[in-house]
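The values are calculated or read from the model by the stated rules, or taken from the named source; none is laboratory data. Given the structure is predicted, the values throughout are model-derived calculations rather than measurements. Every residue, glycine among them, receives a Cβ derived from its backbone with ideal geometry; neighbour counts consider all protein chains shown.
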Amino acid sequence: MSGPKADSSTVNIDRLFHALGDPTRRAMLDRLALGPLSVSNMANPLGITLTAVMQHMQILEECGLAHTEKVGRVRTCRIASAGLDALDQWVRSHRTQLERQLDRLAELLAEDDSAE
């Protein structure tokens, strides 16, 4: 299942938001934030099948939020940073734009106050 590693510049932001929109995938990421887990250790507490875990992991991998690796008979899941980096860049960009607009509004209001 693991393919080339994504970096934040190759992450599709629409797929990223789609992946994060699912509560099961967010729960999986919460568990992976504590450390790597096998697919079976991921499935049991979530009450889902191994197949469902792998389907969710494929979506998480596609947008750089997770990575899986098979060693022998065990497939291990890990959190990945590329998707989180892309999300952080998206949020920062939009926050910067909003802050510029608010700064401009403050300037306009200050001009109005000084004109009176």
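General remarks:
- Residue among 60, 37, 87 that is touching a Leu at 6+ places or on another chain (Cβ under 8 Å) and at pLDDT 95 or above: 60
- Considered as a group, the residues in the range 79-113 that are more than 18 Å from the chain's Cα centre (by Cα) and either among the aliphatic types (A, V, I, L, M) or crowded, with 18+ Cβ neighbours inside 10 Å (or both) include one that is farthest from residue 14 (Cα to Cα), and that residue is 110.
- Taken as a whole, the range 52-67 holds at least one residue that is touching a residue at least 24 places away in the same chain (Cβ under 8 Å) and charged (D, E, K, R).
- Selection from the range 58-90 of residues that are of a type outside the set (S, T, N, Q) and over 16 Å from residue 25 (Cβ atoms): 69, 70, 71, 72, 73, 74, 75, 85, 88, 90
- Residues satisfying the stated conditions in the range 27-78, i.e. of a type in the set (Asp, Glu) and in contact with a helix residue (DSSP H, G or I) (Cβ under 7 Å, 6 or more places away or on another chain): 62
- Residues satisfying the stated conditions in the range 28-39, i.e. surrounded by 13 or more Cβ atoms within 10 Å (Cβ to Cβ) and outside any helix (DSSP H, G or I): 36, 37, 38
- Looking only at the range 40-78, and only at residues there that are surrounded by 20 or more Cβ atoms within 10 Å (Cβ to Cβ) and of a type in the set (A, V, I, L, M, F, W, C), the one that is nearest to residue 12 (Cα to Cα): 63
- For first residues located in the range 12-38 and more than 14 Å from residue 85 (Cα to Cα), partners that are among the hydroxyl-bearing types (Ser, Thr, Tyr) and surrounded by 14 or more Cβ atoms within 10 Å (Cβ to Cβ) and lie 6+ apart or on another chain with Cβ distances below 6 Å form the pairs 36/76; 38/76.
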